[in-house]
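J.: The following block contains the structure, expressed as structure tokens.
Nothing in this text is a laboratory measurement; each read-out follows from the coordinates by a stated rule. Keep in mind that what you see is a predicted model, and the values were worked out from it rather than measured. Glycine also receives a Cβ, built like all others from the backbone with ideal geometry; neighbour counts cover every protein chain displayed.
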Amino acid sequence: VTCIEVVEAYVERIREVNPLINAVVRDRFEEALQEARQVDRLLSEGPGDDYLEEKFPLLGVPVTVKEAFSLHGMPNTSGLVNRRNVVATSDATVVSRLKQAGAIPLGVTNCSELCMWYESSNRVYGRTNNPYDLQRIVGGSSGGEGSVLAAACSVVGVGSDIGGSIRMPAFFNGVFGHKPTTGVVPNDGQFPNAQGLQTSFLCTGPMCRYAEDLELMLRVMAGPGVNKLKLNEKVLLEKIKFHCMDHDGGSVFVSPVDKEILQAQKKVVEHLEGELGVQVQRVAIHKMKYSFQIWSAMMSSKDSNGQEAQLFTDLLGDHGKPVWPLWELMKWLVGMSSHTLPAIALGLTEKLMKLNPGGNAKLVSMGKSLQEEMEALLGPDGVLLYPSHPTVAPRHHSPICMPFNFAYTAIFNVLGLPVTQCPLGLSSEGLPLGIQLVAAPYNDHLTLAVARYLEKAFGGWVLPGKA
């Protein structure tokens, strides 16, 4: 098929399903079709396939980008009403690299307000819906991206993740998402960007329907940074030391893990043991019970230069006056606030966190020792199987009742470990199941290899409406 046919097919698909899912918040279809014609022209001139594959590994591939990233000519609000007139005048580094590799951006996708909540809904673009059940959430903050990929409106996408913002949407929407080892893929060109210690927790990474696309995307997005990874090493799955942990040990802040998620994880263990002949080691890491508290304390602590993380209330004001969360809550109750309830609640929580510096310091040191324990456990050849979230995609608004469930993904941001979320078919209600594959720093090649294997074994992405 020609590139123009491919791009037209995806444009058609977005036009067909976007009114239901509200995932693409601004498109660039005209430019994309023009770029597709240029690709076809280049192919007809025939400079040779090997040359093209080397120079443009993503030639003509339709891609979507989370709206928090700069994509030239597209809005870059991150769902903040104050920024609704902001239009990107340049490309984020990863976007620029994808374009240089030949990818064709179709548009930008929805996120949560300021990318800090796990339901993608804001006062600029409204709410994004899950293609498997429109009454369910898509996760956040890269929720539009998860939804658009699951609905087969795009081939690959760009997400970012500081508490699970790639992996939760990938899980809820039944696609693949990879949070790389920290510091491999550049984060610049997104809003908000991390400051202080948070720069070592924020990761930009690939999301896609097919496991084999993760590595190609990662290579392009990382650029020269890819040399830190061992992507050229052949992985022998039989030689991997597999560990399995069913839940966090029973945190009071977090829901218990759904039976069907545990069942899916059990099937993975049985499959690995039966087919690969490996022994999957059950582990119980006590400190994981405090995942939310550790993440929260580390997110608000100072870096080695004493620089504090930027306050969320300052970001809400976006270069204006910082927002007073209590006042915003009063306004919200009478329908007058331009912010979402989760954003206001996060502003209030931030104020409370500042009241206990002693407790925070203890949690930070607990986080450091958990990191050492985890790296010692995983070593050069280990992969940990761990739930992606305690529940399948919840109904709209219900995350407000269980706001800390994202701890299942967030803990790995502050530990700096690479993680791949891998889909595992659908639940009895027709909602995606999945699992996180975790390795030691710079061992991304292990989790990517296991994801490819599990895709073959469990079927990977399932077209919504097919079951």
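J.: With point charges of +1 on the Cβ of Lys and Arg and -1 on the Cβ of Asp and Glu, referenced to the Cα centre of the chain, which listed residue (195, 374, 324) lies farthest in the positive direction of the dipole?
T.: Value computed over the given set: 324.
J.: Quick query: amide H of residue 107 versus all other amide H atoms, modeled in the peptide plane; which residues come in under 5 Å with a sequence gap of 5 or more or a different chain?
T.: Those qualifying (amide H under 5 Å, at least 5 residues apart or on another chain) are 28, 65.
J.: Which of the peptides 276-283, 153-160, 69-76, 446-453 is most tightly packed, and how do the rest follow, judged by the mean count of other Cβ atoms within 10 Å per residue?
T.: 153-160, 446-453, 69-76, 276-283
J.: Give the calculated FRET efficiency between residue 53 and residue 252 to the nearest 0.05, with a Förster radius of 56 Å applied to their Cβ-Cβ distance.
T.: Result of the calculation: an efficiency of 0.60.
J.: Report the full-extension gain for the segment residue 233 to residue 212: residue separation times 0.36 nm, less the Cα-Cα distance, to one decimal in nm.
T.: 6.0 nm
J.: For the range 170-311, what are the per-bin percents of Cα-Cα distances with bins 10 Å wide, up to the bin holding the maximum?
T.: P(r) over the range 170-311, rounded to whole percents: 9, 24, 37, 25, 4, 0.
J.: Which ³J(HN,Hα) values, rounded to whole Hz and listed in residue order, are derived for the range 281-288 from phi using the Karplus coefficients 6.51, -1.76 and 1.60 in 6.51 cos²θ - 1.76 cosθ + 1.60 with θ = phi - 60°, glycine and proline given as x?
T.: 7, 6, 10, 10, 9, 4, 5, 4
J.: Around residue 74, which amide H atoms from residues at least 5 apart in sequence, or from another chain, sit under 5 Å from its own amide H, with H modelled in the peptide plane?
T.: Under 5 Å from the amide H of residue 74: 88.
J.: Which value, in debye to the nearest 20, describes the size of the charge dipole of the range 3-458 about its Cα centre when Lys and Arg Cβ atoms bear +1, Asp and Glu Cβ atoms bear -1, and nothing else is charged?
T.: Using Cβ point charges on Lys, Arg, Asp and Glu, the range 3-458 gives about 1220 debye.
J.: Given the options 299, 445, 107, identify the residue whose Cα lies farthest towards the positive end of the charge dipole of the chain (+1 on Cβ of Lys, Arg; -1 on Cβ of Asp, Glu).
T.: Comparing the listed Cα positions along the dipole, 299 ranks first.
J.: Compute the FRET efficiency between residue 135 and residue 278 as 1/(1 + (r/R0)^6), taking r as their Cβ-Cβ distance and R0 = 30 Å, and round to the nearest 0.05.
T.: Taking R0 as 30 Å, the efficiency between residue 135 and residue 278 is 0.15.
J.: Under 19 Å between alpha carbons, and skipping anything fewer than 8 positions from residue 287 in its own chain: which aspartates and glutamates qualify?
T.: The reachable aspartates and glutamates, counting only those whose Cα sits under 19 Å from residue 287, are 246, 248, 372, 373, 375.
J.: Check residue 241: other-chain or 5+ apart residues with amide H under 5 Å from its amide H, H built from backbone geometry?
T.: Amide H to amide H, under 5 Å and 5 or more residues apart or across chains, residue 241 pairs with 382, 383.
J.: Another one. Find the relative contact order for the chain and round it to a whole percent, using C-alpha pairs within less than 8 Å whose residues are 6+ positions apart.
T.: 18 percent
J.: Here is a further query. Quick one: what are the phi-derived ³J(HN,Hα) couplings along the range 122-129, Karplus 6.51/-1.76/1.60 with θ = phi - 60°, whole Hz, x for glycine and proline?
T.: Running phi through 6.51 cos²θ - 1.76 cosθ + 1.60 with θ = phi - 60° gives 7, 8, 8, 10, x, 10, 9, 10 Hz.
J.: Pulled fully out, how much extra length does the chain show between residue 401 and residue 361, if you take 0.36 nm times their separation in residues and subtract their Cα-Cα distance?
T.: Full-extension gain reported as 11.6 nm.
J.: For an R0 of 51 angstrom, estimate the FRET efficiency from the Cβ-Cβ distance between residue 44 and residue 193 and round to the nearest 0.05.
T.: 0.80
J.: Take the alpha-carbon centre of the range 73-114, take the same for the range 144-164, and report the distance between them in whole Å.
T.: So the separation of the two Cα centres works out to 13 Å.
J.: Let me know the volume per residue of the alpha-carbon convex hull for the range 78-201, in Å³.
T.: 108 Å³
J.: Less than 20 Å apart at the alpha-carbon level, and either on another chain or at least 8 residues along: which lysines does that give for residue 99?
T.: 55, 66
J.: Per residue of the range 207-216, what does 6.51 cos²θ - 1.76 cosθ + 1.60 with θ = phi - 60° give for ³J(HN,Hα)? Whole Hz please, x for Gly and Pro, Karplus curve as stated.
T.: Karplus-based 3J(HN,Hα) across the range 207-216 equals 10, 6, 7, 10, 4, 5, 6, 4, 5, 4 Hz.
J.: How about residue 302: which aspartates and glutamates have a C-alpha closer than 16 Å to its C-alpha, ignoring those fewer than 8 places off in the same chain?
T.: 350
J.: How big is D, in µm² s⁻¹, for the range 3-458 by Stokes-Einstein at 4 °C and 1.567 mPa s if Rh is the Kirkwood radius over C-alpha pairs?
T.: It diffuses with D of about 59 µm²/s by this estimate.
J.: Students often check this: by mean Cβ neighbours within 10 Å, which of 122-130, 41-49 ranks highest, and how do the rest follow?
T.: Taking the mean over residues of other Cβ atoms within 10 Å, the ranking is 122-130, 41-49.
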